[in-house]
Structures are given as C-alpha cells and as structure tokens.
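Working notes, structure below.
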Amino acid sequence: MSDDRLIREPERRAITGLSYSTWHRLEERGAAPKPVKLGARAVAWKLSDLQAWVQRIEAEGVPTTTLSVPIERADEYLRSLPERISGADIRAFTRPAGIASRNSDLLELEGFPAPIERQGRKLWFDRDAVLTWWRSRWRAA
C-alpha cells in the first residue's frame, strides 16, 4: 500500500536532497513529480510520488544530493533536455567532471557556444549547439 501523505516543501527538500530552484527546474522539464495544489500559493507532493522518484533516480545512478550526471552519460542527458537549456543544466555534467562549475567557466571554454538569452545572471543556451560542442570537444577525448 502506498503512502499518499502530502509533503510540504521543507520535507520535500529533506527527502530529495534538492534545493527549491533545482527541483522547480526539474518540474518545468517534466523530470520530477508535479505538486498537488492546496490553495492559491500552497502546494504539496504525495510522499509515494517522491519516494518512487528518488528510487528511480538512484537506480539510474544519479545522486540526488548534487543532481550530477556521470560524464559518460552527458550525451544522453543533453539529448533529453528541451531545446533551450540553462547553464545549470550544463553544469550538471561539467561540474563533476571538473570542466566547469560556474557560468563564467562555461563561457571561457574554447569553442563553447554563446548564450542565446540572458535573464539577469541566468544564461540560456541552445541545446543542439551545446551537444555539438560536447561531441567535438569532450566526448572524443
């Protein structure tokens, strides 16, 4: 029998190990369970949905504490993203590999594609351009 107790944000963070912003980004991509709307500004998640998500992510070898992607799976990960991706999406595989841990690091990489959009400090990149760069620069190495 599943536990469908509703979980609010602080407990969701403790269960998944992910910050609000990282979790929200996953929700936008459809990669995390959607919350149940409780009111105009209140949401919760079903505990059973969160537990199933954590089990699936851990079975795939993605540590939920950092949401990093193993370098050997970067190509597959990039192909799974929408056409417009954030610097944080890219750093999910470049940070653990020691390639780049900040947006400024990404922009300094030789041949790295320029952002297609800037929203304050947030940078957006074309997924296919990043994928092409990845395949030409790092995958072959």
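The numbers here are math on the coordinates, done by the rules we state, and not lab data. Since the model is a prediction, treat every value here as computed from it, not as a measurement. Heads up, the Cβs are rebuilt from the backbone with ideal geometry, glycines too, and the neighbour counts pull from every protein chain shown.
Between GLU9 and ARG102, the simple label model (points 7 Å from Cα in the Cβ direction) yields a spacing of 2.7 nm. Shape call for the range 6-59 from the C-alpha gyration tensor, a ≥ b ≥ c root eigenvalues: rounded (a/c under 1.5), prolate (a/b greater than b/c) or oblate? Taking the square roots of the gyration eigenvalues as a ≥ b ≥ c, the range 6-59 is prolate. Shown is the FRET efficiency for THR132 and ARG29, computed with R0 = 25 Å from the Cβ-Cβ distance and rounded to the nearest 0.05: 0.75.
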